[in-house]
Ligand code: ADP
Ligand code: MG
């Protein structure tokens, strides 16, 4: 089935560009199990790769031209975007081609011998659902170029180049989690990542073997507030770290939290978009969230995956009440899941829409999904898209 999709993507490449591709590469979307809004605070995250992937069929070019085409760019049929490598400039037009172009730009900026390419993409990662279709697109591109030009870069280095592309070229100030997940996850595991030193550990997370299921609930909403609020939360965390005299909020130990909160004024008063947190609440979220990641790992290591449920739900409360990045649809998904007997649930990703994750007993999964769907209908929200997350593999070459 995977091979069939790769063949289909290669065939589409041939239709678009008139010759077979040199290869086909894949990179997955992700959900974050726990560790939200910690990756720009030098903290801990724990994503897992989804079975949903973005495929890149690619061939090298020798004329300094980059051509990109996608079946999922929003236009009927898709257009080829053609760019000259020597004319690539950050934050130029903002179209989807900026993601792959940014990867080429970041590699060349790093002095890597990357030339032109023809690329065609075909993706099953829901776009804009908080499942990181952007990182899947970047990392599939980075791995394809790494192979085509024999760069021999490590997975983590590819992730860093992809993040550089998104930060500096596309203009999105994301942390390193999404790209690392797309590049480094392995089947059957969640990836523990310390975003300070990029130390990694693959933590076994055998849902099926335990009789468990992790449902992803894509709310299909994306609230406008999102972008400005993300920047505001980052700024507030940086303000908090400065006020506490630490390099990053990661440096505030959980045991020191009460003293740290006592020492903080409640400012800044004008924190940005209405409804944002004050600095104490922001610090409390980040410090307790790092702690929750450590506790989730401890419980998984102890062979008790069911015991992570309450930590997921606590994490949601912290994101909702302290960090204030949730929204009505995410809160409803989490509340309905809890009322239907889920082991735990939380929003995942940046917030203000996107997706939630729900840990359930396998036998109860359909009933819980049904209750969430009913609750959305009763509240007048559009039907959510609900599917199981099976921890999948990171980026790889398919053909
Ligand atoms: P998320 O990463 O959560 O899906 P983002 O807003 O970060 O949401 O990234 C979505 C954007 O990435 C899309 O608007 C589009 O520009 C680009 N994108 C992602 N996947 C594809 C694809 N397969 N083809 C074309 N563009 C894509
Ligand atoms: Mg993204």
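Residue by residue through region 169-180, note down the ones that are more than 11 Å from ligand 1 (Cβ to nearest atom) and at pLDDT 95 or above.
Residues satisfying the conditions are 169, 176, 177, 180.
Residues of region 242-253 being under 14 Å from residue 285 (Cα atoms) and either part of a helix (DSSP H, G or I) or within 18 Å of the chain's Cα centre (by Cα) (or both), which ones?
Passing the criteria: 249, 250, 251.
Please go through region 96-125 and give me each residue that is near ligand 1 (Cβ under 7 Å from one of its atoms) and assigned to a loop (DSSP other than H, G, I, E, B), ordered by number.
Scanning region 96-125 gives 96, 125.
Regarding region 95-105, can at least one residue be identified that is free of Cβ contacts under 8 Å to residues at least 24 places away in the same chain, away from ligand 2 (no atom under 12 Å from the Cβ), under 23 Å from residue 71 (Cα atoms) and surrounded by fewer than 23 Cβ atoms within 10 Å (Cβ to Cβ)?
Yes, region 95-105 contains a residue that is free of Cβ contacts under 8 Å to residues at least 24 places away in the same chain, away from ligand 2 (no atom under 12 Å from the Cβ), under 23 Å from residue 71 (Cα atoms) and surrounded by fewer than 23 Cβ atoms within 10 Å (Cβ to Cβ).
Specify the residue that is surrounded by the most Cβ atoms within 10 Å (Cβ to Cβ); the eligible residues are those in region 124-176 that are touching a residue at least 12 places away in the same chain (Cβ under 8 Å) and on the phi > 0 side of the Ramachandran plot.
Checking each candidate, the answer is 132.
For residue 128, only one of the following conditions fails: (1) modelled with pLDDT of 95 or more; (2) part of a loop (DSSP other than H, G, I, E, B); (3) touching a strand residue (DSSP E or B) at 6+ places or on another chain (Cβ under 9 Å). What is its number?
(1) is the only condition that residue 128 fails.
Select, from 228, 263, the only residue that is at pLDDT below 95 and farther than 30 Å from residue 332 by Cα. Lay out the reasoning, then the answer.
Numbers: 228 fails: farther than 30 Å from residue 332 by Cα.
Going through 228, 263 in turn, just one is at pLDDT below 95 and farther than 30 Å from residue 332 by Cα: 263.
Looking at region 49-75, which of its residues are within 23 Å of residue 184 (Cβ to Cβ), within 16 Å of ligand 2 (Cβ to nearest atom) and surrounded by 24 or more Cβ atoms within 10 Å (Cβ to Cβ)?
Passing the criteria: 49, 50, 53, 54.
Can you go through 340, 395, 356, 375 and tell me which one is outside the structural domain of residue 285 (by TED's automatic domain parsing) and touching a helix residue (DSSP H, G or I) at 6+ places or on another chain (Cβ under 6 Å)?
Being outside the structural domain of residue 285 (by TED's automatic domain parsing) and touching a helix residue (DSSP H, G or I) at 6+ places or on another chain (Cβ under 6 Å) holds for just one of 340, 395, 356, 375, which is 395.
Any residue that is surrounded by fewer than 23 Cβ atoms within 10 Å (Cβ to Cβ), away from ligand 2 (no atom under 16 Å from the Cβ), over 16 Å from residue 55 (Cα atoms) and modelled with pLDDT of 95 or more - is there at least one of those in region 116-123?
Scanning region 116-123, I find at least one residue that is surrounded by fewer than 23 Cβ atoms within 10 Å (Cβ to Cβ), away from ligand 2 (no atom under 16 Å from the Cβ), over 16 Å from residue 55 (Cα atoms) and modelled with pLDDT of 95 or more, so the answer is yes.
State all residues of region 295-304 that are surrounded by fewer than 17 Cβ atoms within 10 Å (Cβ to Cβ) and in contact (Cβ under 8 Å) with a residue 24 or more places away in the chain; if no residue qualifies, say none.
301
The values are calculated or read from the model by the stated rules, or taken from the named source; none is laboratory data. As the structure is a prediction and not an experimental result, all values here were calculated from the model. Virtual Cβ from ideal backbone geometry, glycine too; neighbours counted across all protein chains shown.
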